[in-house]
Amino acid sequence: MSDGPPRFRPFRKDFRWEDVARLAYKDDGEAPFRDVTRQVLFASPDLMGELRYFEVGPGGFSSLERHRHVHAVMILRGAGRCLVGTEIRAVSPYDLVTVPPLTWHQFRAAADAPLGFLCMVDAERDRPELPGPDDLAALCADPAIAAFLRGEGPDG
Ligand code: MN
């Protein structure tokens, strides 16, 4: 009955929480990304889901991927843009982003600001799929998506 996280974990400065480790986003070489950290805020056998806080450093980006599981995201810090499917949107604190199943997605921080967000997921989830050459060609047929994936566009 003593398993599980402490009942109270105060917020600390700089989007850290007491007793929450700041982890690598993914294992090295697993997928291309730049300057992303992960904190698992809630993950327990008593829950069907997990809540994580990701932070992308200025100019950084999460991996471009898709999977069957869904992401429910709330932006908490900074500024940036995200690609969901074929749609690119500027995002800022408290915006909500839903990533449906099997939908390509990537989060990019602005050049001069981090992008921090909460992400809720199923506890059990499939491994992300990375785009192959054909997938990238299809995505980049849209010049706006091609520019986004090159890190070009509003806010860098
Ligand atoms: Mn994902």
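The values are calculated or read from the model by the stated rules, or taken from the named source; none is laboratory data. These figures come from a predicted structure and were not determined experimentally. Heads up, the Cβs are rebuilt from the backbone with ideal geometry, glycines too, and the neighbour counts pull from every protein chain shown.
For every residue, the table says whether it meets (1) within 20 Å of residue 149 (Cβ to Cβ); (2) among the hydroxyl-bearing types (Ser, Thr, Tyr); (3) part of a strand (DSSP E or B).
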| residue | (1), (2), (3) |
| --- | --- |
| 26 | yes, no, no |
| 37 | no, yes, yes |
| 51 | no, no, yes |
| 73 | yes, no, yes |
| 94 | no, yes, no |
| 98 | no, yes, yes |
| 111 | yes, no, no |
TODO: Residue by residue through region 40-76, note down the ones that are surrounded by 15 or more Cβ atoms within 10 Å (Cβ to Cβ), within 13 Å of the ligand (Cβ to nearest atom) and among the charged types (D, E, K, R).
DONE: 50, 52, 65, 66
Task: Set 37, 98: member being surrounded by 13 or more Cβ atoms within 10 Å (Cβ to Cβ) and either under 20 Å from residue 129 (Cα atoms) or at pLDDT 95 or above (or both) - done: 37
- [ ] State the number of residues belonging to region 112-156 that are surrounded by fewer than 16 Cβ atoms within 10 Å (Cβ to Cβ), within 14 Å of the ligand (Cβ to nearest atom) and more than 30 Å from residue 17 (Cα to Cα).
- [x] 2
Open item on the list: Being polar (S, T, N, Q), in contact with a strand residue (DSSP E or B) (Cβ under 7 Å, 6 or more places away or on another chain) and either within 16 Å of the ligand (Cβ to nearest atom) or more than 20 Å from residue 23 (Cβ to Cβ) (or both): is that true of residue 103 here?
Closed with: yes
Open item on the list: closer than 30 Å to residue 143 by Cβ and buried (at least 16 other Cβ atoms within 10 Å of the Cβ): is that true of residue 83 in this structure?
Closed with: yes
